Amino acid sequence: AHKMAPTRPPLRSIVFLGLIATMGSLSEPCMRQGNAWVFKSSKISKFGNPSAMSRPRLAGVTGTVLRKLSQGTRVRATSEEVTKKSASAEKAAKLAARMEKDMAQNEPKVQEPAFNRSAGRDRYNPQTYFELVADATQSVKDAIEDGVEQIEVELAALGQETYKYRADTFVDVNAALATALGAGLAGAGKRVRILLPDNAELQRQNLMLQKNMGKRMREEMQVLGDKLVFGCLTEARPTLDEKLGSAFTKMFNGGVDTTPAPPETPEDVFIVLNIGVLDLPLVETYYEKIAQGRTMILMNCELDTLRGDLGLPAFPSKDLHYRFLSRFKPVFFMRNRKYTKTTATPPYNIDYAGTLFREYPGPWQVMLKLGDGSLACVAESRKRFYLNEAKYKMAEALGIAETKGSVINFLRTGYKAGTWWEEGENQELHNEWRF
């Protein structure tokens with residue numbers, strides 16, 4: 001097989017021939033005759049090996065070329081055609097170098113496609129509360145521009161299980177997040193008033209701000225001035241304790257009235273936080289007397305928990321939800337849930353977690369928590385999911401859900417599909433809280 005292979009010129013011969021053909025001004029003159037190069041009496045075939053007589057002279061010629069190149073001497077081509085080609089190649093090389101330099105200096109920045117918030121998120125993984133509040137602020141701005149006046153914002157301030165923390169910690173974190181949200185809206189030209197339940201909470205919050213407020217936050221508050229202020233819900237209807245306390249302190253405080261008074265010029269946005277179920281009628285009163293026609297935001301109030309107490313003895317009636325709470329549209333809603341599925345085979349207990357999520361103007365989404373802490377969408381709908389329905393979607397995505405309609409599924413979920421406020425759609429005066 002080796003003998004039958006076509007004869008190919010050695011690589012050294014090809015290199016030598018290239019040097020001989022392109023370089024001039026050598027010690028040995030050369031000329032071309034047809035398909036052959038002639039060095040005096042030596043003949044080298046163009047496609048063949050150099051003859052034995054030509055090798056010493058060829059080696060001398062090549063040595064001269066290499067020596068001149070190593071010394072930096074420019075070897076001029078004698079052929080006019082080779083000269084033109086060399087000039088063209090040099091010009092092209094300079095042009096390519098200049099283009100490469102221009103591209104390096106003026107490299108266009110590749111812009112990522114804008115996130116379509118109307119379509120929802122496939123994955124969501126905010127790294128800090130600043131990012132979380134920024135997303136919530138943008139959703140609130142969009143809702144206000146669309147004419148929404150009653151807004152709900154739920155940020156899951158302390159992670160999955162807020163009941164593990166002290167009440168004071170929960171209250172302080174909510175106040176800090178509300179301040180950040182209010183600062184974002186005030187920076188957009190809105191006048192914002194953050195409302196606490198009563199005057200006692202307001203005084204405590206003022207002390208906490210003076211004690212714990214950082215330098216940067218203090219500077220921002222000074223810049224905002226009267227665009228971001230604190231107040232309380234009892235400005236609309238002072239309680240008996242506040243009236244008696246004010247009358248008592250007048251005697252020892254130079255006649256100064258400490259009863260909360262409504263603002264002379266109501267702000268554009270009111271942010272309500274840290275309220276309980278007994279404060280809900282006061283929220284309704286404040287809206288009707290002061291905030292009517294303006295934007296009111298219920299922030300981190302956990303309305304799902306408060307709704308569960310409505311209708312119980314000594315608590316407000318369920319009608320409060322049907323006529324008032326049903327008006328509040330969730331524009332940024334992130335309510336975390338943790339579940340455990342029990343099985344008859346190992347591992348017996350399967351823990352999983354997820355979030356009922358909504359970012360206005362996007363749809364409602366069921367997000368499953370992954371191992372890296374991020375949230376992945378497993379279901380979405382324009383209408384709000386029932387809590388049991390969201391739980392089933394998470395289990396279904398994991399492949400551990402029971403078949404709908406089966407006996408075991410009925411024993412796990414019961415005969416009711418949802419809570420009374422989820423199933424009371426026919427009794428609601430408004431349905432904004434569902435969409």
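The values are calculated or read from the model by the stated rules, or taken from the named source; none is laboratory data. Please read all numbers here as calculations on a predicted model, not as lab measurements. So basically every Cβ, Gly included, is an ideal-geometry build from the backbone, and we count neighbours across all protein chains shown. The protein model used for the area step is the full one, side chains on, heavy atoms only, and it has no ligands, DNA or RNA in it. Shrake-Rupley method; radii C 1.70, N 1.55, O 1.52, S 1.80 Å.
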Filter region 321-372 for residues that are assigned to a helix (DSSP H, G or I) and of a type in the set (S, T, N, Q) and give the result.
-> Ser326
Would you mind stating whether Gln222 is open to solvent by 60 Å² or more (accessible area, probe 1.4 Å), at pLDDT 85 or above and either among the hydrophobic types (A, V, I, L, M, F, W, C) or assigned to a helix (DSSP H, G or I) (or both)?
-> no
Reported set for region 347-388 where residues are within 16 Å of the chain's Cα centre (by Cα) and on the phi > 0 side of the Ramachandran plot is Gly373
Scanning region 373-426 for residues that are assigned to a loop (DSSP other than H, G, I, E, B) and closer than 25 Å to Lys329 by Cβ gives Arg382, Lys383, Arg384, Phe385, Tyr386, Ala417, Gly418, Thr419, Gly424
Conditions (1) closer than 25 Å to Pro281 by Cα; (2) modelled with pLDDT under 75; (3) assigned to a loop (DSSP other than H, G, I, E, B) -> Lys243 fails only (3)
Can you find even one residue in region 191-199 that is under 23 Å from Pro260 (Cα atoms), in contact with a Ser or Thr (Cβ under 8 Å, 6 or more places away or on another chain), at pLDDT below 75 and open to solvent by 30 Å² or more (accessible area, probe 1.4 Å)?
-> no
Within region 284-310, count every residue that is free of Cβ contacts under 8 Å to residues at least 40 places away in the same chain, open to solvent by 40 Å² or more (accessible area, probe 1.4 Å) and outside any helix (DSSP H, G or I).
-> 1
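Could you check region 192-209 and list, in sequence order, the residues that are among the charged types (D, E, K, R), in contact (Cβ under 8 Å) with a residue 40 or more places away in the chain and within 25 Å of Val223 (Cβ to Cβ)?
Of everything in region 192-209, just one residue is among the charged types (D, E, K, R), in contact (Cβ under 8 Å) with a residue 40 or more places away in the chain and within 25 Å of Val223 (Cβ to Cβ), namely Arg193.
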